[in-house]
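> Below you will find the structure I want to go over with you.
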Amino acid sequence: MARHNFPLNTVDAFLVTARHLNLTRAAKELYLTQGAVSRKIAALEEWLGFALFERHARGLYLTPQGSALLPDLQNAFEKLLDVAGRACHKPSVIRLKAPTCAMRWLVPKIIQLELRAPDIQVALTTTVDHGVNFKNEPYDVAIVFGLHAKAGTLLFEEILTPVISQSLLPAGPLSAEDLPRFTFLHPTRDRTDWSLWLADYPATKPAMVRNQHFDTMDLAISAAIQGFGIAIADEALVAEDVRMGRLARPFAHSVKTGASYRLAVRPGSENMAGLEAFCESLLTPD
């Protein structure tokens, strides 16, 4: 008999009736009449070419063929329902805008979130734009960065400190007088960050003899990891690199810039359950 003629809509009637061995209870569970359940079972029996139940005065009994068919058909039907359930399930998609300079801190947190909550998918857009305008931009949430920022919830303040590859460190302690031996790696086209740290450092102010300028802090940090020179970077952004030994902090001294990274959420955004889990993952300390 042709497979495409198989009466798939009769399988649930057989499985439920086989579980109850009672047409009345099966009809109640299936929200059908007893006659409708009987017709479904009869259609399946006609297609199979053998009876599935024996009718007795005290109720129904599975025939030997029905008993043999039941486990395989039940497993197949459960797999079908599982496939259909996965197909119709839509993950929560969080549309996130974040500045490229925050990637070293942000990406590990997104990975951990998606491992803990696979139903949440983060659609990440990176940009050198440090703000957000929810009226004109299609994001659910954004990380904003800037001086004296007020919008959203504080993630962390920018605190700058020099970092250098372990391979460039001298055998003894590094002093400020040693800095001109290295190329100064700047996270912007100007020298603001290094100048701010040097101005606050309570010792001799060395000259910045050799300099390399980058468009983002992330690029400057990557260059430092490769041994290009000594970079000035945010403590939070390089914390994992320092912990893993990719970078070292040769000076304990650090300086606050007055800037901060904050988490802003679109007012009245849909998918609040997914947003709450996402925001909690960013706000929870490592």
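> Condition check: in a strand (DSSP E or B) and either in contact with a Gly (Cβ under 8 Å, 6 or more places away or on another chain) or farther than 24 Å from Ala42 by Cβ (or both). Does Val83 satisfy that?
no
> Another question, then. What are the pairs, 6+ residues apart or on separate chains, where a residue within region 212-226 that is of a type in the set (Gly, Ala, Ser) has its Cβ under 6 Å from a residue that is open to solvent by 20 Å² or more (accessible area, probe 1.4 Å) and not in a helix (DSSP H, G or I)?
So the pair list comes out as Ala220/Phe214.
> Considering region 224-233 alone, what residues qualify as being under 17 Å from Trp105 (Cα atoms) and surrounded by fewer than 24 Cβ atoms within 10 Å (Cβ to Cβ)?
Ile225
> Can you tell me which residue within region 20-37, out of those that are under 18 Å from Ala57 (Cα atoms) and assigned to a loop (DSSP other than H, G, I, E, B), is least open to solvent (accessible area, probe 1.4 Å)?
Asn22
> A follow-up question, please. Of everything in region 1-14, what is hydrophobic (A, V, I, L, M, F, W, C) and surrounded by fewer than 17 Cβ atoms within 10 Å (Cβ to Cβ)? Give them in sequence order.
Met1, Ala2, Phe6, Leu8
> Also: With the requirement that a residue be buried (at least 18 other Cβ atoms within 10 Å of the Cβ) and on the phi > 0 side of the Ramachandran plot, what does region 147-206 give you?
Gly152
> May I pose another question? Can you give me the number of residues within region 54-76 that are in contact with a helix residue (DSSP H, G or I) (Cβ under 7 Å, 6 or more places away or on another chain), part of a helix (DSSP H, G or I) and either aliphatic (A, V, I, L, M) or exposed (fewer than 12 other Cβ atoms within 10 Å of the Cβ) (or both)?
2
> Moving to a separate point now. Assigned to a helix (DSSP H, G or I), within 30 Å of Arg249 (Cα to Cα) and modelled with pLDDT of 90 or more: which single residue out of Leu113, Leu106, Leu155 fits that description?
After ruling out the rest, the residue left standing is Leu106.
> Take the residues in region 126-146 that are under 22 Å from the mean Cα position of the chain (by Cα) and not in a loop (DSSP other than H, G, I, E, B); name whichever of them is surrounded by the most Cβ atoms within 10 Å (Cβ to Cβ).
Residue satisfying both the conditions and the ranking: Ala142.
> Based on what the data block shows, is Pro250 within 29 Å of Pro285 (Cβ to Cβ) and assigned to a strand (DSSP E or B)?
no
> Taking region 194-243, which residues are closer than 16 Å to Glu158 by Cβ and of a type in the set (D, E, K, R)?
Asp200, Asp218, Asp234, Glu235 - these are the residues of region 194-243 that are closer than 16 Å to Glu158 by Cβ and of a type in the set (D, E, K, R).
> Now a separate question. Looking at (1) in a helix (DSSP H, G or I); (2) surrounded by 16 or more Cβ atoms within 10 Å (Cβ to Cβ); (3) in contact (Cβ under 8 Å) with a residue 24 or more places away in the chain, can you tell me which one Trp47 breaks?
(2)
The values are calculated or read from the model by the stated rules, or taken from the named source; none is laboratory data. All figures in this text were calculated on a predicted structure; none of them were measured in a lab. Quick reminder, even Gly has a Cβ in these numbers, built from the backbone with ideal geometry, and neighbours come from all protein chains shown. Please note that ligands, DNA and RNA were not included when accessible areas were found on the heavy atoms of the full protein model with its side chains. Shrake-Rupley method; radii C 1.70, N 1.55, O 1.52, S 1.80 Å.
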